[in-house]
Amino acid sequence: MSCERLFDPSLDGKPVAVLSNNDGCIVARSNEVKKLGVPMGAPVFKYRDLVEKNKVHLFSSNYVLYGDISDRVMKIISSELPLVELYSIDEAFVGFEGISEERIAQLCEHIRTKILKWVGIPVSIGVGRTKTLAKVASNIAKKFDQLNGVHILKNDLLEEKALKWTSLDDIWGIGRQLSKRFNYLGVSTAYDFIQLSDYVVRKTGSIQSLRSKHELLGSSCFMLENQPPKRKSISSTRTFYHMVTDKEELTSRIANFSVRCAEKLRNEGICAYEVKVFIATNRNRTDLPQYYRSGFYRFISATHDTMLLSSTVSQLIDEIFVEGYHYKKAGVIVSDFIDKNILQMDLFTGNRMVKYDDLFTAWDHLSKTLGKETIRLGRQYKGDSSNEKRSPRYTTRWNDLLIIGDPS
């Protein structure tokens with residue numbers, strides 16, 4: 001929301017939502033949209049009347065803009081504190097070890113002011129003894145304007161007050177589905193939750209729930225990680241704007257996903273042993289027959305070869321595709337990684353990686369300097385996404401630069 005409002009201040013105070021790929025679901029909501037009762041992840045077609053009646057401003061995901069703004073914010077935070085964990089595109093954890101309470105409050109205010117002045121977007125900062133308590137505090141900082149974007153749980157009384165105010169389904173690691181199980185036990189707030197015994201929490205939820213409880217009690221179970229954890233898989237999936245029935249079109253669309261996975265592998269300097277592809281119909285269309293199936297292949301030697309991945313995925317589609325269904329979603333997932341520098345070759349494909357190494361170096365360079373899909377495979381689909389409501393890429397494209405005033 002903040003990125004969209006940054007370049008269009010007329011949106012301030014108005015309901016704004018961001019949609020997922022191909023404008024299928026609502027994945028980010030302003031407080032005004034939350035008050036309308038639109039849940040996170042809601043299919044936008046189910047709330048079309050509500051959206052139109054309340055004049056909600058919808059935007060397609062603008063990952064390039066959001067990523068650039070996020071990068072600027074994270075650089076400011078990293079310049080002020082040595083221990084920073086970049087958790088997601090809009091969240092980071094920082095460590096305040098060895099810093100006095102008074103100094104922490106000053107630092108939070110300083111960082112918030114600096115981000116607002118240098119980047120132009122407001123941020124909320126929560127401070128607690130653990131990651132989960134910090135997220136509780138941050139949520140409170142967002143909700144109450146009088147806190148000026150910063151809330152510090154500096155004593156037991158403030159912690160207890162925060163936990164009694166926080167709904168259980170807003171707790172990090174619990175969520176809406178799991179909280180329903182605890183609701184049956186009469187638990188509705190975070191404070192109710194920590195009154196339960198470890199046995200009940202573990203039996204009703206999971207080991208993750210138990211960790212969340214101890215985090216809320218002030219015992220750290222989730223350490224600060226200043227290095228990103230190793231990936232277990234890389235995926236590229238999409239919900240199509242229109243349902244697809246033609247096999248050739250479906251194969252062509254999925255080729256885009258395998259190309260994207262290969263690019264991500266090379267960007268991280270790793271190769272994958274395994275590839276999986278899945279296709280699925282629209283589960284919201286109960287009037288149509290439903291179908292889901294996936295295919296899997298394990299390479300003898302791990303690879304990040306675009307052509308090899310794409311052709312393998314095409315063969316898997318041949319095995320799982322069935323005529324007569326309306327396909328709405330598909331994806332490619334690669335896993336079981338190994339560093340490309342310690343890759344073990346095999347007798348039959350060992351020289352393939354060496355043979356195409358210069359080709360992929362040139363491919364990635366051109367994609368980076370001239371834009372994605374500058375080079376494409378012949379089987380790739382053109383015009384893969386809708387993104388009809390996407391705002392301009394103000395900060396990364398010359399043609400999208402914001403024009404202020406009368407250009408004449």
Residues in the range 303-321: is at least one over 30 Å from Y241 (Cβ atoms) and either touching a strand residue (DSSP E or B) at 6+ places or on another chain (Cβ under 9 Å) or modelled with pLDDT of 85 or more (or both)? yes
Segments classed as helices (runs of 4 or more DSSP H), wholly inside the range 159-225, with at least 2 members that are farther than 28 Å from V84 by Cα and within 24 Å of the chain's Cα centre (by Cα): 175-183
Yes/no for L401 being within 29 Å of the chain's Cα centre (by Cα), modelled with pLDDT under 90 and open to solvent by 50 Å² or more (accessible area, probe 1.4 Å): yes
What number goes with the only condition from (1) surrounded by fewer than 18 Cβ atoms within 10 Å (Cβ to Cβ); (2) β-branched (V, I, T); (3) in contact with a Leu (Cβ under 8 Å, 6 or more places away or on another chain) that T113 does not pass? (3)
Taking the range 57-70 and keeping residues open to solvent by 20 Å² or more (accessible area, probe 1.4 Å) and not in a helix (DSSP H, G or I) leaves H57, L58, F59
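Looking at the range 83-104, which of the residues that are assigned to a loop (DSSP other than H, G, I, E, B) and under 20 Å from S220 (Cα atoms) is least open to solvent (accessible area, probe 1.4 Å)? Before the answer, list the steps.
Residues of the range 83-104 assigned to a loop (DSSP other than H, G, I, E, B): 83, 89-90, 95-100.
If we keep only those that are under 20 Å from S220 (Cα atoms) as well, we get 83, 95-100.
Numbers: L83: 54, G95: 10, F96: 37, E97: 142, G98: 91, I99: 53, S100: 66 Å².
Taking the candidates together, the pick is G95.
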Quick check on the range 342-357. Is at least one of its residues of a type outside the set (A, V, I, L, M), exposed (fewer than 15 other Cβ atoms within 10 Å of the Cβ) and under 24 Å from the mean Cα position of the chain (by Cα)? no
For the range 118-132, does any single residue satisfy the condition of being hydrophobic (A, V, I, L, M, F, W, C), touching a residue at least 60 places away in the same chain (Cβ under 8 Å), within 24 Å of L217 (Cα to Cα) and in contact with a strand residue (DSSP E or B) (Cβ under 8 Å, 6 or more places away or on another chain)? no
S236 versus (1) crowded, with 16+ Cβ neighbours inside 10 Å; (2) among the hydroxyl-bearing types (S, T, Y); (3) part of a helix (DSSP H, G or I): which is the lone unmet condition? (3)
Can you pull out the residues in the range 5-30 that are without any contact (Cβ under 8 Å) to a residue 40 or more places away in the chain and not charged (D, E, K, R)? P9, S10, G13, I26, V27, A28, S30
Filter the range 1-48 for residues that are open to solvent by 10 Å² or more (accessible area, probe 1.4 Å) and small (G, A, S); the one that is farthest from R393 (Cα to Cα) is G37
Against the condition over 25 Å from the mean Cα position of the chain (by Cα), at pLDDT below 90 and open to solvent by 50 Å² or more (accessible area, probe 1.4 Å), how does T286 come out, does it pass? yes
Tell me yes or no: at least one residue of the range 266-275 is modelled with pLDDT of 95 or more, within 25 Å of the chain's Cα centre (by Cα) and of a type in the set (A, V, I, L, M). yes
I'd like the full set of residues that are open to solvent by 40 Å² or more (accessible area, probe 1.4 Å) and in contact (Cβ under 8 Å) with a residue 60 or more places away in the chain, limited to the range 158-213. R176
With (1) part of a helix (DSSP H, G or I); (2) within 25 Å of the chain's Cα centre (by Cα); (3) among the acidic types (D, E) as the list, and E248 as the residue in question, which single condition is left unmet? (2)
Sole exception among (1) hydroxyl-bearing (S, T, Y); (2) in contact (Cβ under 8 Å) with a residue 40 or more places away in the chain; (3) out of contact with any helix residue (DSSP H, G or I) (no Cβ under 7 Å at 6 or more places or on another chain) for S78, by number: (2)
Unique match (being within 24 Å of the chain's Cα centre (by Cα) and surrounded by fewer than 16 Cβ atoms within 10 Å (Cβ to Cβ)) among K131, K143, K135: K143
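The values are calculated or read from the model by the stated rules, or taken from the named source; none is laboratory data. Keep in mind that what you see is a predicted model, and the values were worked out from it rather than measured. When we count neighbours, we look across all protein chains shown, and the Cβ atoms used for this are built from the backbone with ideal geometry, even at glycine. Remember, those area values only see protein heavy atoms, side chains included, never the ligands or the DNA or RNA. Shrake-Rupley method; radii C 1.70, N 1.55, O 1.52, S 1.80 Å.
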